[in-house]
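Input: a single structure, listed below in structure tokens.
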Amino acid sequence: MIKRLPAPLLGAITGLLLLGNLLGALVPFFAVTLAKFALPLPAWRERCSETLVRIAERWIDANSRILESTQSIRWDIRGLAGLSPQRWYLIVSNHISTVDI
């Protein structure tokens, strides 16, 4: 339903939602980062690192949900047949008109 809004309005709504999500994630992220460096105890630093990962994962998940609910994304994925999960790969993103990986 929201995807049917005029493109400029939909873009503005999407941008505001993404900005709000970013600001909502940055405050706790920086707070935990400062706490991590304030107390140099190994167990504390490990716990802070785990918390930072959770904050980042939630931020990414929220971004995905925002984009899924506001944008019609078409994925064109080709060339996966020769890839191995046991190898490392360099991924280059091209943002000219679409994302090519």
* Test for Lys36: is it touching a residue at least 60 places away in the same chain (Cβ under 8 Å) and of a type in the set (D, E, K, R) -> no
* Within the range 77-85, can one find any residue that is at positive phi and either exposed (fewer than 12 other Cβ atoms within 10 Å of the Cβ) or touching a Cys at 6+ places or on another chain (Cβ under 9 Å) (or both)? -> yes
* Sort through Ile91, Ile60 and tell me the only one that's without any contact (Cβ under 8 Å) to a residue 12 or more places away in the chain and not in a helix (DSSP H, G or I). => Ile91
* Asked: Is there any pair linking a residue in the range 1-17 that is over 13 Å from Ser72 (Cα atoms) to one that is open to solvent by less than 90 Å² (accessible area, probe 1.4 Å) and at pLDDT 90 or above, with Cβ under 7 Å and at least six apart or on different chains, and which?
  -> Ile13/Thr70; Leu17/Ile66
* **Members of the range 30-66 that are under 25 Å from Ala7 (Cα atoms) and open to solvent by less than 60 Å² (accessible area, probe 1.4 Å)** => Ala62, Asn63, Ser64, Ile66
* Asked: Out of all the residues in the range 9-21, is one or more open to solvent by 90 Å² or more (accessible area, probe 1.4 Å) and modelled with pLDDT of 90 or more?
  -> yes
* **Condition check for Ser72: assigned to a helix (DSSP H, G or I) and not acidic (Asp, Glu)** => no
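The values are calculated or read from the model by the stated rules, or taken from the named source; none is laboratory data. These numbers were taken from a predicted model, which means no experiment stands behind them. Note that each Cβ is placed from the backbone with ideal geometry, even for glycine, and that neighbours are counted across all protein chains shown. Areas reflect the complete protein model, heavy atoms only, side chains present, ligands, DNA and RNA absent. Shrake-Rupley method; radii C 1.70, N 1.55, O 1.52, S 1.80 Å.
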